[in-house]
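The values are calculated or read from the model by the stated rules, or taken from the named source; none is laboratory data. All figures in this text were calculated on a predicted structure; none of them were measured in a lab. Because the Cβ atoms are built from the backbone with ideal geometry, glycine has one as well, and the counts that use them run over all protein chains shown. In case anyone asks, the SASA skips ligands and DNA or RNA and just uses the protein heavy atoms, side chains included. Shrake-Rupley method; radii C 1.70, N 1.55, O 1.52, S 1.80 Å.
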Amino acid sequence: MNTQTIQCDALVVGGGIGGLTSALELADQGYQVAVVEREASIGGVMIALSKVFPTLDCASCITTPRMAAAAHHPNIEILTCTEVKSITRDGRLFAANLMKKPRYVDEKLCIGCRQCEYVCPVDVPHEFEGGLGARKAIYVPFATAIPQKAVLDAENCMLCGSCEKVCPSQAVDYFQRPEEIKVQAKSVVLATGFQLLPKDSKKEYSPPGSLNILSALQMERLLSPHGPYGRVIRPSDGKVPDSIAYVQCAGSRDKSLGIPYCSRVCCMYAIKQAMLLSGALPLADVTIYYMDIRAFGKGYEEFYENAKAMGIQFVKAKVARIAEDEEHNLNVRVELMEEDGRVEERAHDLVVLSLGMVPGCNPEEFVPVMRDDDGFVKCASPKTAPALTDQPGILVAGTAAGPKDIVDTIAKAGAAAMEAANYMRGLELDLSAVTEAVTGEEERAAERAAS
Amino acid sequence: MPEEVQTNDQPENREAKEPQIGVYICHCGGNISDVVDVQTVAEEVKKIPAVKVARTNMFMCSDPGQEMILEDLEKESLDGVVVASCSPKLHELTFRNALKRGNHNPYLYEHANIREQVSWAHHGDPAGATNKAIRLIAAAVAKAVRLEPLKPIRVEAFPHAVVIGGGVSGLTAARKLSKQGLGVTLIEKSPYLGGQTAQLNQVYPTEEKAEDLLRMLVEEVVDDSNIKIYTGAEVVAATGTIGDFVVRVRNVPGDTSAKGIGLIEKKVVFRPFQGCTVRSDRPCSPGDELEVRCGVVIIATGFKHYEPRSGEYSYGESPRVITLPDLIKLLSPDGPTGGRLEIQGHPVRDVALIHCVGSRQVDGIHEPQPDGRVNSYCSRVCCTATLQAANEIKDRFPHVNVYEFYRDIRAYGRGHEDYYEKASGKGVLFFRYTPDSPPLVEKTGPNASRPLKVRVRDTLTFGEDLEAPVDLVVLSVGMMPNDISDLVDVFKLPVGTDRFLQEVHPKLRPVEMAVNGLLLAGTSQGPRDITESCASAAAAASKAAIALGKGYVELEPFVAQVDPARCDGCGLCLNECSYEGALRLTDIEIEGKVERKALVNAPLCMGCGSCAAVCPHRAINVSGWTLDQFDSMVDAIAAQ
């Protein structure tokens, strides 16, 4: 196994919007940064979104510049398809062992022309599209991926050799091996992000064989102008839905799932999607079943008021169960908590589950930081220095330390960068103090020797 | 002289060489191409003589899009680039930076907005939209032909920051910056450090004492030799730009409690509900002024609580109606009753907590404030703060009945939901109201068991009219920005419709303001809790460290430039200029003759163009936006 060694000031774990922001802040301050991303492209969850609340900016339009800025920054090195095996303290530094998974495509040679993709005979559900669209076994992860390089999915590849033959730069390499990368860094920023709770976590909301119950991220893709279908239709039969329901707190504030906390973003993304749906399908009814609407950020309450004015139905109700019949029409059993408290079965064409956030990974497996009861990284001084973990020199950014929306992620990523810079500055000062002390001692010793 | 001017006229030269322009049209993933026929646009644009290449791409801002431009610049030896995509506010800088990366002058670039101004505005008229896109691009090409390479203005960055506001955000920002070896001057209007946090007893969700948090922060700042603190001081004037501001600070007039501005004693005394005092050991008389030179200014001026109108929920009419900050004081051992829950000398037996007072107000329902506006925003912290108080009452006084009147419980943060659950478990009763039928607080008759009652139409019991007899009503008041109209004038700060300071981009650039070198921290920007304030303060410090760390900052070169050959020194431009020090008249010697000419101080010029508009001789122009360039753009649009 080849081993590469990288020396840098800060190692940022995670190439989503939080990690990239921390990396750029540090790099702009003059620090050398390495960003590790386990996927084949940076961009995290944000690059897969349609638009962002409350500005309704197109998510690709505001994420790609930041991705490109990080990728082209002279002080930033980005390692995709790379996982962190371990980070340990090594004297005053941190030593990280990384594993670069084989892409089966030589990153240096690939020009992103996608010829391989066009000839590949294998179709697989596309993860980036929430499994709704298809991709090939060799593919550029998505249109705005950085790096714009193909990746071969060995599990589904049937080794027909077509891609290798068509590749104009001989970049396909079926024999690529995992590579070990060792990193020496002065500080570590954990930006390992979140994942949505799996759709089938709550069995009441995931009847067997269901096709028309979507996760909110799947709906993001349907609403994207360059999404899997190019428009909003239901997956089972391609019908344009007339009636769409959102189930809030599907996997948040729910002790039965072990997730007692609020995921902070679901109310707002549901409202945003409902507004986008009203734009895309002006005749459709959109109903949001909620416990409390938590529109607490800047401009969010106003956004919520606009949604109400647009005719989106907000119904305070707990959804007990969702059923899907043979025609894949949905029946949502709700207990209306207002009106008269009755229990009703309501028919909808499509249901979106506003699933909560759970940690993107368990950092305890590779880095000596503590987690809190909620599974997210524990903050050492949550009030006054929220980017500090219990380990000096290891900082936390974004949703790795609990659910957050994009703007709060970015603020926290900036804070993590500042703390990392402060920590490294402290190291330098310590070092110069030590050097001074040593030189002083040596001088005195020399004087003594002379006298 | 006129002849000389002609020969020096760069655009003419460039035209003579027939500059070659590359045009790149973005689909924006369908945002543009669903309406505008980008292929037709490319074909039409290609017919313009100066256009060497015209290409389209799904996302021009993506890496492959940018690489395509850089490749063409080399292969096709282009002299200028036009990208037709979204608003220049989003991506003009992206493409300029791409040019810079490829070692091309980033100012040989022009941006055409065919999304906000075309596809979004005319989505019902694809043919018209396509035609408009062609015209806008033709105009951009006409300008691109006349672009000149420009150089950014380099200003030395003075390695010092001014932080305005001595609450948790200001203290945090100051300390983080000083740790980078930068000097900081912290200016606080009141005699105390600690801001609104000093009003608190314990903070959620850690239940740490606010005093301990503040002491720690203040002591660190006071012990820091890089940080100068001026309490009882305010900013009265400021000049300059990022890298080199001069901020004038003076003693708050009439403030006798402050000993004046100067060095402070390194002994921190905490006074409950006021803050930490730090005493000056070099008193000076009120009205004294001093000047601080700095490279950036961080605004951390915080919030004040909404003051309910007289009569709002009987506030001001009954002494038994108080605000949440009053309740926190009442519960504190340092408070007026020593921590006993008493009102008017009697123990409280039933208390009503009403949420969303001065927050989430609805136009037409809530009475507007003196400025004619309602507080339509959510104040973010009051739900959890109210639940925290409810829990404390239930823990310390288990026999007191607690009723909460709410619209939505927004216990969103880490550990916040626990307060909600615990409160329910301890028997706090919740009533939900809608903004159009808010709870009514009324005095009861002489025979009633409690002096007040709260009536509400409770939606949780399906619209039943319920009544809670109480002896104390607590209003969970929202946040409003402190009155900083003086600072808004001094620094020309952007203010949002919610009256809080406005960031550049509410998603991606939350701590920067439209004025370069001015940064935002904490609640001056909008409601948030201590955790979020400290995070934004540290993020602002990071931006400041970036600006000051290199030793210089680069400003955009889009500033006024005087052609001395055409300027006759009439001074009309001076009357129009609204930026102090940006423009002056001066005597210069030309061929032995002393003549009066206008002169621009580039770093102070904001490139607004007012001077260019009034100059009768076209002698003053904004670089990158000259009158000749505008003329050619207008011609191109009309010619199509």
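A Cβ distance below 7 Å, combined with a sequence gap of six or more or placement on separate chains, defines the contacts here; from region B:328-344, residues that are farther than 12 Å from B:Pro272 by Cβ reach residues that are part of a strand (DSSP E or B) in the pairs B:Leu341/B:Pro347; B:Ile343/B:Leu472. Filtering region B:113-147 to residues that are more than 14 Å from every other protein chain (Cβ to nearest Cβ) and in a loop (DSSP other than H, G, I, E, B) leaves B:Ala121, B:His122, B:Asp125, B:Arg146, B:Leu147.
Got a sec? Which of A:Pro241, A:Pro225, A:Pro208 is over 30 Å from A:Leu109 (Cα atoms) and free of Cβ contacts under 8 Å to residues at least 24 places away in the same chain? The unique qualifying residue is A:Pro208. Report whether or not A:Ala284 is open to solvent by less than 40 Å² (accessible area, probe 1.4 Å) and closer than 24 Å to A:Asp408 by Cα. Here the answer is no, as A:Ala284 does not meet what is asked.
Residue pairs whose Cβ atoms lie under 7 Å apart, sitting 6 or more positions apart in sequence or on different chains, and linking a residue in region A:411-423 that is assigned to a helix (DSSP H, G or I) to a partner that is among the hydroxyl-bearing types (Ser, Thr, Tyr) and open to solvent by 10 Å² or more (accessible area, probe 1.4 Å), are A:Ala421/A:Tyr31. Residues in region B:292-304 that are within 20 Å of the chain's Cα centre (by Cα) and over 18 Å from B:Ala538 (Cα atoms) were compared, and the one that is surrounded by the most Cβ atoms within 10 Å (Cβ to Cβ) is B:Cys294.
Tell me, please, whether a residue that is farther than 16 Å from A:Leu350 by Cβ, within 13 Å of chain B (Cβ to nearest Cβ), assigned to a loop (DSSP other than H, G, I, E, B) and at pLDDT below 95 can be found in region A:238-257. For region A:238-257, residues farther than 16 Å from A:Leu350 by Cβ, within 13 Å of chain B (Cβ to nearest Cβ), assigned to a loop (DSSP other than H, G, I, E, B) and at pLDDT below 95: present. From the list A:Ala96, A:Ala70, the one residue that fits, being open to solvent by less than 30 Å² (accessible area, probe 1.4 Å), within 30 Å of A:Ser187 (Cα to Cα) and outside any strand (DSSP E or B), is A:Ala70.
Out of all the residues in region A:280-302, which are at the interface with chain B (Cβ under 7 Å from one of its Cβ atoms), of a type in the set (Asp, Glu) and more than 17 Å from B:Gln361 (Cβ to Cβ)? Answer for region A:280-302, where residues must be at the interface with chain B (Cβ under 7 Å from one of its Cβ atoms), of a type in the set (Asp, Glu) and more than 17 Å from B:Gln361 (Cβ to Cβ): just A:Asp292. For region B:532-543, the condition of being open to solvent by 50 Å² or more (accessible area, probe 1.4 Å) and more than 20 Å from B:Cys294 (Cβ to Cβ) holds for none of the residues.
On inspection, B:Tyr420 passes the criterion of being surrounded by 23 or more Cβ atoms within 10 Å (Cβ to Cβ), modelled with pLDDT of 95 or more, at the interface with chain A (Cβ under 10 Å from one of its Cβ atoms) and part of a helix (DSSP H, G or I). Checking each residue in region B:571-623 for being among the acidic types (Asp, Glu) and closer than 27 Å to B:Gly243 by Cα picks out B:Glu576, B:Glu580. Tallying residues that are basic (Lys, Arg) and free of Cβ contacts under 8 Å to residues at least 24 places away in the same chain within region B:89-129 yields 3.
Figure legend. Inter-residue proximity from region A:62-90: first residues closer than 16 Å to B:Arg101 by Cα, second residues outside any helix (DSSP H, G or I) and of a type in the set (S, T, N, Q), beta-carbon distance below 6 Å, spacing 6+ or different chains. Indicated pairs: A:Asn75/A:Gln32. No other residue among A:Glu365, A:Glu305, A:Glu345, A:Glu324 is away from chain B (no Cβ under 14 Å), open to solvent by 10 Å² or more (accessible area, probe 1.4 Å) and in contact with a Ser or Thr (Cβ under 8 Å, 6 or more places away or on another chain) apart from A:Glu324. Within region B:456-464, one or more residues are of a type in the set (Lys, Arg), assigned to a strand (DSSP E or B) and more than 30 Å from B:Gly526 (Cα to Cα).
Scanning region B:365-396 for residues that are surrounded by fewer than 17 Cβ atoms within 10 Å (Cβ to Cβ) and touching a residue at least 40 places away in the same chain (Cβ under 8 Å) turns up B:Ile365, B:Glu367, B:Asp371, B:Arg373, B:Arg396. Candidates in region B:498-509 are the residues that are open to solvent by less than 10 Å² (accessible area, probe 1.4 Å) and under 8 Å from the mean Cα position of the chain (by Cα); of these, the one that is nearest to the other protein chains (Cβ to nearest Cβ) is B:Phe500. Answer yes or no: is there a residue in region B:551-568 that is within 11 Å of chain A (Cβ to nearest Cβ), at pLDDT 90 or above and open to solvent by 10 Å² or more (accessible area, probe 1.4 Å). Within region B:551-568, one or more residues are within 11 Å of chain A (Cβ to nearest Cβ), at pLDDT 90 or above and open to solvent by 10 Å² or more (accessible area, probe 1.4 Å).
If I filter region A:79-93 down to residues being in a strand (DSSP E or B) and not aliphatic (A, V, I, L, M), which single residue comes out as nearest to A:Gln170 (Cα to Cα)? Checked region A:79-93; the qualifying residue nearest to A:Gln170 (Cα to Cα) is A:Thr82.
From the list A:Pro382, A:Pro392, A:Pro386, pick out the single residue that is under 19 Å from A:Gly414 (Cα atoms), open to solvent by 10 Å² or more (accessible area, probe 1.4 Å) and within 8 Å of another protein chain (Cβ to nearest Cβ). A:Pro382 is the lone residue from the list that is under 19 Å from A:Gly414 (Cα atoms), open to solvent by 10 Å² or more (accessible area, probe 1.4 Å) and within 8 Å of another protein chain (Cβ to nearest Cβ). Pairs meeting the criteria (first residue in region B:566-591 and free of Cβ contacts under 8 Å to residues at least 60 places away in the same chain, second residue of a type in the set (Ser, Thr, Tyr), beta carbons under 6 Å, at least 6 apart or on different chains) are B:Glu576/B:Ser610. Here A:Met67 meets each of (1) out of contact with any strand residue (DSSP E or B) (no Cβ under 8 Å at 6 or more places or on another chain); (2) more than 9 Å from chain B (Cβ to nearest Cβ) with one exception, condition (2). At least 1 residues being aromatic (Phe, Trp, Tyr), in contact with a strand residue (DSSP E or B) (Cβ under 6 Å, 6 or more places away or on another chain) and surrounded by 15 or more Cβ atoms within 10 Å (Cβ to Cβ) is the threshold, and among the strands (runs of 3 or more DSSP E) wholly inside region A:108-218 those reaching it are A:194-196.
Across region A:19-40, the qualifying residues are those that are of a type in the set (Gly, Ala, Ser) and open to solvent by 10 Å² or more (accessible area, probe 1.4 Å), and the one among them that is farthest from the other protein chains (Cβ to nearest Cβ) is A:Ala40. Set side by side, the residues B:Asp458, B:Asp465 differ, and just one is among the acidic types (Asp, Glu), over 24 Å from B:Ser542 (Cβ atoms) and in contact (Cβ under 8 Å) with a residue 24 or more places away in the chain, which is B:Asp458.
The residue that is nearest to the other protein chains (Cβ to nearest Cβ), counting only those in region A:258-279 that are part of a helix (DSSP H, G or I) and of a type in the set (Gly, Ala, Ser), is A:Gly279.
The set of residues in region A:136-186 that are free of Cβ contacts under 8 Å to residues at least 60 places away in the same chain, of a type in the set (Gly, Ala, Ser) and more than 14 Å from chain B (Cβ to nearest Cβ) comprises A:Ala137, A:Ala154, A:Gly161, A:Ser162.
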